[in-house]
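Just so it is clear, none of the values below were taken in a lab; they were calculated from the coordinates. Everything numeric here is computed off the predicted structure, so don't read it as measured data. Using ideal geometry, Cβ is built from the backbone for each residue, glycine included, and neighbour counts are taken over all protein chains shown.
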Amino acid sequence: MKTLVVVTHPSLETSAINKRWVEELRKYPEKYTVHELSKAYPDGNIDVAKEQKLVESHGNLIFQFPIYWFNCPPLLKKWFDDVLAYGWAYGSSGDKLKNRKVALGVTAGIKKEDYSENGRYRYTLEQLLAPFETSFLYCNADYRSFFAYYGTENEPGEIDPGAENVPAASRLEKSAQDYLNFVDSL
């Protein structure tokens, strides 16, 4: 079965990393379904039955988003609240995520060293994403961790000081391939 990639970005058109990842995924429509929540639900009103059927018709499940105030964008949180319902995703008869491989693809505008116990924000990305892991475990899903791109504050073409003077554009291209490898390895 194809992998469903639920992309939530408030402005995907202006994104460098998330937009590039989506472009790469779309090269392989036989393997991935890219589902852009912001495009599907610009008014924020989610069609729960439609979303549940979409999840059910796919195998692996990836949630791709930028770290937004150290969390996910609000529309994705609403999607989780509405779609992962009792009796569907969890509870005595809720088994639609049971044993389903689930992972995250995230972009962080902050350097990796800032996401550390000794860094500027004192928490690792693993710690900040723990509620997602816990939610998926609660639904008996097979959580497979996350793929992250750090330091997106750099513009393409700039030298990224955190990447040993590798131009950010080259790093972006490498991340697109690494992301697909991560998704395929689930």
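For LYS27 and ASP43 in one chain, what is 0.36 nm times their gap in residues minus the Cα-Cα distance, to one decimal in nm? Kindly include the intermediate steps, with their values, before the conclusion.
On the way: separation 16, 0.36 × 16 = 5.76 nm, distance 2.83 nm.
Length gained between LYS27 and ASP43: 2.9 nm.
For helix 168-184, what angle does its Cα long axis make with the longest principal axis of the chain, in degrees from 0 to 90 and rounded to 10?
It is inclined by approximately 30 degrees.
Can you flag which of LYS96/LYS174; LYS53/LYS112; LYS53/LYS111; LYS50/LYS174; LYS50/LYS77; LYS50/LYS112 are past 29 Å Cα-Cα? Let's see the in-between values first.
Details: LYS96/LYS174 34 Å; LYS53/LYS112 37 Å; LYS53/LYS111 38 Å; LYS50/LYS174 34 Å; LYS50/LYS77 17 Å; LYS50/LYS112 37 Å.
Pairs exceeding the cut-off: LYS96/LYS174; LYS53/LYS112; LYS53/LYS111; LYS50/LYS174; LYS50/LYS112.
Mind listing the phi-derived Karplus ³J(HN,Hα) values for the range 32-45, rounded to whole Hz, using 6.51, -1.76 and 1.60 with θ = phi - 60°, and x for any glycine or proline?
These are the phi-based 3J(HN,Hα) values: 10, 10, 9, 10, 8, 4, 5, 7, 6, 9, x, 8, x, 8 Hz.
Calculate for the chain the 222 nm mean residue ellipticity that helices alone would give, adding -39,500 (n - 2.57) per DSSP H run of length 4 or more and normalising by residue count, nearest 500 deg cm²/dmol. Don't skip to the end; give the middle numbers.
Working: 7 runs with 62 residues, N = 186.
Rounded to the nearest 500, it is -9500 deg cm²/dmol.
Could you check which residue among ARG144, ARG120, ARG171 shows the biggest mean-square fluctuation in a GNM of the chain with a 10 Å Cα cutoff?
ARG120
Along the range 60-69, what does the Karplus equation 6.51 cos²θ - 1.76 cosθ + 1.60 (θ = phi - 60°) give for ³J(HN,Hα), rounded to whole Hz, x for Gly and Pro?
Here the 3J(HN,Hα) series is 5, 9, 10, 10, 10, 6, x, 5, 10, 6 Hz.
So what J values fall out for the range 134-148 if you push phi through Karplus, 6.51 cos²θ - 1.76 cosθ + 1.60 with θ = phi - 60°, rounded to Hz, Gly and Pro as x?
4, 4, 5, 5, 4, 8, 6, 7, 9, 5, 10, 6, 9, 10, 10
Compute the length gained on full extension between TYR138 and ASN118: take 0.36 nm times their separation in residues and subtract their Cα-Cα distance, giving the result in nm to one decimal.
Working: separation 20, 0.36 × 20 = 7.20 nm, distance 3.04 nm.
4.2 nm is the gain from fully extending TYR138 to ASN118.
Which of the following values of Rg and Dmax of the Cα atoms in Å was calculated from the structure shown: (1) 16.5, 53; (2) 15.6, 49; (3) 17.8, 57?
The listed entry that was calculated here is (1).
Show the residues, 5+ positions off or on another chain, whose built amide H is closer than 5 Å to the amide H of ARG144.
Close amide H contacts, sequence-distant or interchain: VAL102, ALA103.
Among PRO74, PRO66, PRO42, determine the one that fluctuates most according to a GNM of the chain built with springs between C-alpha atoms less than 10 Å apart.
With Cα springs under 10 Å in the chain, the top fluctuation among PRO74, PRO66, PRO42 is at PRO42.
Are there GluC sites (Glu not before Pro) in the range 54-124 that DSSP puts in a loop and that have at most 12 other Cβ atoms within 10 Å, and which ones? Each step should come with its number before you reach the end.
Values: sites: GLU56, GLU113, GLU117; in loops: GLU117.
Qualifying residues, ordered by number: GLU117.
Specify the angular offset, from 0 to 90 degrees and rounded to the nearest 10, of the alpha carbon long axis of helix 74-83 from the longest principal axis of the alpha carbons in the chain.
In the chain, helix 74-83 runs at an angle near 20 degrees to the longest axis.
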